[in-house]
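Read through the structure below, which is laid out as structure tokens, and then see the notes.
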Amino acid sequence: MRLLRSNLSREEVLPRMRDLVEVLYAEIPSGVGSKGKLRLTRQDEERLLRKGARWAVEEGYGDAEDLERTESGGAIEGADPSLISDRAFERGRAQQGTLGSGNHFLEIQYVAEIYDEAAAAAMGLFPGQMTVMIHTGSRGFGHQVCTDYIEVMERAARRYGISLPDKELACAPINSPEAQDYLAAMKAAANYAWANRQCIMHWTREALMKVLRTSPKELGLTLVYDVAHNIAKIEEHAVNGRKQRLVVHRKGATRAFPPGHPELPGFYRDLGQPVLIPGDMGRASFVLVGTEQAMEETFGSTCHGAGRVMSRHQAIKKAKGRAIWREMEDAGILVRSAGKRTLAEEMSEAYKDISNVVDVVHRAGISKKVAKLRPMGVVKG
Amino acid sequence: MSRAGLVRLDPNRLKVPVGYTEGMRVQGIIYLDEELEAFLEEGSVRQVANVATLPGIVKASLAMPDIHTGYGFAIGGVAAFDVNEGIISPGGVGYDIN
């Protein structure tokens, strides 16, 4: 997840929204198996797998400040391209710099409500402001990495005699070669995702400057934060009063580190880590901040989104005969999508209300609400 | 009233007690209020419990209020394992590594 703030208000961009959505849709490749505009050699791909968003910045997509505002600086050390299958390389090569399909999106939003003025100000957010949210990941590359290593882990679990109540829990002892290989491959996929969001952000900045005819300074489209929500990381946590090194798996869960955590950049050290929670395309998204209580209870983690209440199949049935795009447009949200099917699958009713989800983590104290963002324009795959 | 086998700890937390499935090493905690509990799938609760059986799991098998059934591990799940005694699992991250 990645959130950008701007110097512009909702009113300033509203008259140009239709153009904006069209240009973003044209400039940012989306859709199932979509191919990007980058032409990468295998060597390029190896470099990006090691360097993540740093690779993108070195290639001219964005600047060093973006990296400071990205979890792990946009690259985890220890990614090893030699542990990646040819099939994953192949799927990844054409898809770097693409949004993809499913729940991935690019949204033009505005700040609809602020719950914590000081925290919002520290993140550069103000009421009525235009923001941009980007949700995409490691595309076919990461999918292939997962597929490849599930096979490896099924064999490993048998070899190490781990009894599993469900074979889908296939795993290996962390110190085993199989586990270390998976970890190094997963890091490569995480780096691929950070590079992807960095490239897409760069083209988003260009598209907005073109349509709104503004300078980078007037636009002020800078990164608030970028955070992963499907990842495993080695972290230190206090367990029964003792520091312990752990592998924290977050699957559809967002890191939510508290104020003072050494992994946070200086400008967020006193505040805590910004947490970005997208809702469905018709309702809202939220910005929260990490807390000490999350550290104590949930290994510094919180929710990641709304969560489906209908399967994709059910949603398609429910949307039959309806024009979802028009329903959204009537509600003041312009939407552009590669396929009608995606819009049906992704309609609001298919998801829980994000406000209810966020209220639970807020009341439980494992992250605190800062701002609510509402969509104005949506690009979907 | 919470469904069979689960214990409501407070308005925002639901416990999956050790014993919900065989071999649980720690309890499960699902962050959920009564309103969202209406959407809770039996399959995803079982997944939270299953994860609690894995070697080296620390404190609790956790799930967030956006929980739903995933590949092996529930989506919305958080699980931490000791680096010396624990495991790592691709199902605990999922297909959309990001």
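Readers should treat all values here as calculations from the given coordinates under stated rules, not as data from a laboratory. Please read all numbers here as calculations on a predicted model, not as lab measurements. As a convention, Cβ positions derive from the backbone with ideal geometry for all residues, glycine included, and neighbour counts pool all protein chains shown.
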Could you list which residues have their amide H under 5 Å from that of residue A:225, counting only those 5 or more apart in sequence or on another chain, with H placed in the peptide plane?
A:3
Sticking to Cα atoms, compute the Rg of chain B to one decimal and its Dmax as the biggest Cα-Cα distance, whole number, in Å.
12.8, 40
Per-residue mean of C-beta atoms belonging to partner chains within 10 Å, peptide B:19-32
2
Check which residues have an amide H placed less than 5 Å from residue A:131's amide H, if you skip close sequence neighbours.
A:109, A:110, A:111
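Could you work out the mean count of beta carbons from other protein chains within 10 Å of each residue's beta carbon in A:186-198?
Working: counts 4, 1, 1, 5, 3, 1, 2, 3, 1, 0, 1, 1, 0.
Counting other chains' Cβ atoms within 10 Å and averaging over A:186-198 gives 2.
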Partner chain coverage, peptide B:51-63 - average Cβ within 10 angstrom:
5
Largest-first principal axis extents of the Cα set of the range A:117-186 (Å):
57, 27, 23
Could you work out the relative contact order of chain A? I mean the mean sequence separation of Cα pairs under 8 Å and 6+ apart, divided by the number of residues, in percent.
24 percent
Reference-scaled alpha-carbon Rg (2.2 N^0.38 Å with N residues) for the range A:226-355:
1.33
Roughly speaking, what is the stretch gain from residue A:313 to residue A:175, that is 0.36 nm per residue apart minus the C-alpha to C-alpha distance, in nm to one decimal?
45.6 nm
The residues A:59, A:151, A:90, sorted from fewest to most surrounding Cβ atoms within 10 Å, come out as A:151, A:90, A:59
Using Cβ contacts closer than 10 Å as the measure, can you line up A:9, A:101, A:215 from fewest to most?
A:215, A:9, A:101
Please give the peptides A:74-80, B:17-23 ranked by average Cβ packing (other Cβ atoms within 10 Å per residue), highest first, as a rough proxy for protection.
A:74-80, B:17-23
Helical contribution to [θ] at 222 nm, DSSP H n ≥ 4, -39,500 (n - 2.57), averaged over chain A, rounded to 500
-12000 deg cm²/dmol
The range A:32-168: D in µm²/s via Stokes-Einstein (Kirkwood Rh, Cα pairs, 20 °C, 1.002 mPa s)?
119 µm²/s
Collect residues whose amide H, placed 1.01 Å from N in the peptide plane, falls under 5 Å from the amide H of residue B:28; neighbours closer than 5 in sequence don't count.
B:16, B:18, B:61
Apply the Karplus curve 6.51 cos²θ - 1.76 cosθ + 1.60, θ = phi - 60°, to the phi angles in the range A:97-112 and return the couplings in whole Hz, x for Gly and Pro.
x, 10, 7, x, 10, x, 7, 6, 7, 10, 10, 8, 10, 9, 6, 8
Provide the packing ranking of A:312-322, A:358-368, i.e. peptides ordered by the mean count of other C-beta atoms within 10 Å per residue, highest first.
A:358-368, A:312-322
Cut-off is 10 Å between beta-carbons; in what order do A:2, A:87, A:250 appear when sorted fewest neighbours first?
A:87, A:2, A:250
Antiparallel DSSP beta bridges within the protein assembly as shown, percent to nearest 5:
90 percent
Thinking of the range A:198-241 as a set of Cα atoms, what percent of all their pairs are more than 17 Å apart?
54 percent
Could you derive backbone 3J(HN,Hα) for the range A:348-363 from the dihedral phi with the Karplus parameters 6.51, -1.76 and 1.60 (θ = phi - 60°), listing whole Hz in sequence and x where the residue is Gly or Pro?
3, 4, 6, 10, 5, 6, 4, 4, 5, 5, 5, 4, 5, 5, 5, 5
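Distances over 30 Å make up what percent of all Cα-Cα pairs in the protein assembly as shown? Walk me through the intermediate numbers first.
Values: 47712 of 114481 pairs.
For the protein assembly as shown, the fraction of Cα-Cα distances above 30 Å is 42 percent.
Note the full-extension length gain between residue A:18 and residue A:210 as 0.36 nm times their separation in residues minus their Cα-Cα distance, in nm to one decimal. The partial results should precede the final answer.
Numbers: separation 192, 0.36 × 192 = 69.12 nm, distance 1.36 nm.
Gain in length upon complete extension: 67.8 nm.
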Between residue A:158 and residue B:25, how high is the FRET efficiency from 1/(1 + (r/R0)^6) when r is the Cβ-Cβ distance and R₀ = 25 Å? Nearest 0.05.
0.75
Can you work out the Karplus-derived ³J(HN,Hα) for every residue in the range B:9-16? Use 6.51 cos²θ - 1.76 cosθ + 1.60 with θ = phi - 60°, whole Hz, and x for glycine or proline.
7, 6, x, 10, 9, 10, 9, 9
